[in-house]
Amino acid sequence: DQQVKQNSPSLSVQEGRISILNCDYTNSMFDYFLWYKKYPAEGPTFLISISSIKDKNEDGRFTVFLNKSAKHLSLHIVPSQPGDSAVYFCAASEGRGSTLGRLYFGRGTQLTVWP
Amino acid sequence: DVKVTQSSRYLVKRTGEKVFLECVQDMDHENMFWYRQDPGLGLRLIYFSYDVKMKEKGDIPEGYSVSREKKERFSLILESASTNQTSMYLCASRPPWASNQPQHFGDGTRLSIL
């Protein structure tokens, strides 16, 4: 059973507008959340993360929001650019202080930004 | 910057062959991971290792084994390759000393089993 879910397999957004990618999780022990971006024929690249002690984290055009009560996080990209077109994976890990660092991934959302 | 290097970008093998996928990281990371990525299924964890000679099964270990003889190198072995193991294989590493650290990925090996 998937513990991290990305229910939208694809999202299409016009250049300059906001892209919102959503992610839900079921395990209340998760306390660290990440977003990765993946281009075809390349490995995933770490984009941004958030700890469960925060509800928002920003890095340039990228902002991640965490709603712990709803077990939901989202990634906002503003403004969206054609180079942002990629598959975005949401991931989570549990156990603050854990040394194993195992991540649980969603199935990904293909973002397409058109001019 | 962390560098995770996978030995091959593309590999074609035959059914029944024993296949070795190699991964090397240059940051002295204790934790290393092997995933496969398939369309619509995301990244699925095959095996991971938190120290030399230590290994843990992930979610889909059947048909695979791993070897971690040196800290920097983590090998994935397909004991007898089958066509359903055609996939993109991704290696990652991460330091253990901080609880909140991202995994860093290699560029992947696109493996085709004929």
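Observations
- Failed criterion for B:S67 (all others in (1) farther than 18 Å from B:L111 by Cα; (2) part of a strand (DSSP E or B); (3) within 14 Å of chain A (Cβ to nearest Cβ) hold): (3)
- The one condition in (1) at pLDDT 90 or above; (2) farther than 20 Å from A:V87 by Cβ; (3) hydroxyl-bearing (S, T, Y) that A:S52 fails to fulfil: (1)
- Residues that are crowded, with 21+ Cβ neighbours inside 10 Å and more than 24 Å from B:Q101 (Cβ to Cβ) within region A:1-27 comprise just one, A:S19.
- Among the residues of region B:89-114, those identified as closer than 12 Å to B:V12 by Cα and within 14 Å of another protein chain (Cβ to nearest Cβ) are B:T109, B:R110, B:L111, B:S112.
- Subset of region B:47-56 (residues that are more than 7 Å from chain A (Cβ to nearest Cβ) and free of Cβ contacts under 8 Å to residues at least 24 places away in the same chain): B:D51, B:V52, B:K53, B:M54, B:K55, B:E56
- Qualifying residue in region B:93-114 (condition: touching a helix residue (DSSP H, G or I) at 6+ places or on another chain (Cβ under 8 Å), more than 13 Å from B:L21 (Cβ to Cβ) and modelled with pLDDT of 95 or more): yes
- Picking from residues in region B:24-46 that are within 11 Å of chain A (Cβ to nearest Cβ) and in contact with a Gly (Cβ under 6 Å, 6 or more places away or on another chain), the one that is surrounded by the fewest Cβ atoms within 10 Å (Cβ to Cβ) is B:L45.
- Picking from residues in region A:28-61 that are touching a residue at least 12 places away in the same chain (Cβ under 8 Å) and away from chain B (no Cβ under 14 Å), the one that is surrounded by the most Cβ atoms within 10 Å (Cβ to Cβ) is A:R61.
- B:K57 being touching a Lys or Arg at 6+ places or on another chain (Cβ under 7 Å), charged (D, E, K, R), surrounded by fewer than 16 Cβ atoms within 10 Å (Cβ to Cβ) and modelled with pLDDT under 95: no
- Output for region B:8-23, where each listed residue is surrounded by 11 or more Cβ atoms within 10 Å (Cβ to Cβ) and within 14 Å of another protein chain (Cβ to nearest Cβ): B:S8, B:R9, B:L11, B:L21, B:C23
- Checked against (1) modelled with pLDDT of 95 or more; (2) in a loop (DSSP other than H, G, I, E, B), B:T5 passes all but condition (2).
- Test: residue in region B:24-37 that is acidic (D, E) and in a strand (DSSP E or B): no
- Counting only residues that are surrounded by 15 or more Cβ atoms within 10 Å (Cβ to Cβ) and either touching a residue at least 24 places away in the same chain (Cβ under 8 Å) or outside any loop (DSSP other than H, G, I, E, B) (or both), region B:78-106 holds 18 of them.
- Qualifying residue in region A:74-96 (condition: surrounded by fewer than 19 Cβ atoms within 10 Å (Cβ to Cβ), assigned to a loop (DSSP other than H, G, I, E, B), among the basic types (K, R) and facing chain B (nearest Cβ under 9 Å)): yes
The values are calculated or read from the model by the stated rules, or taken from the named source; none is laboratory data. What you see is a predicted model; the values in this text were computed from it and never measured. Cβ atoms come from the backbone with ideal geometry, glycine included; neighbour counts cover every protein chain shown.
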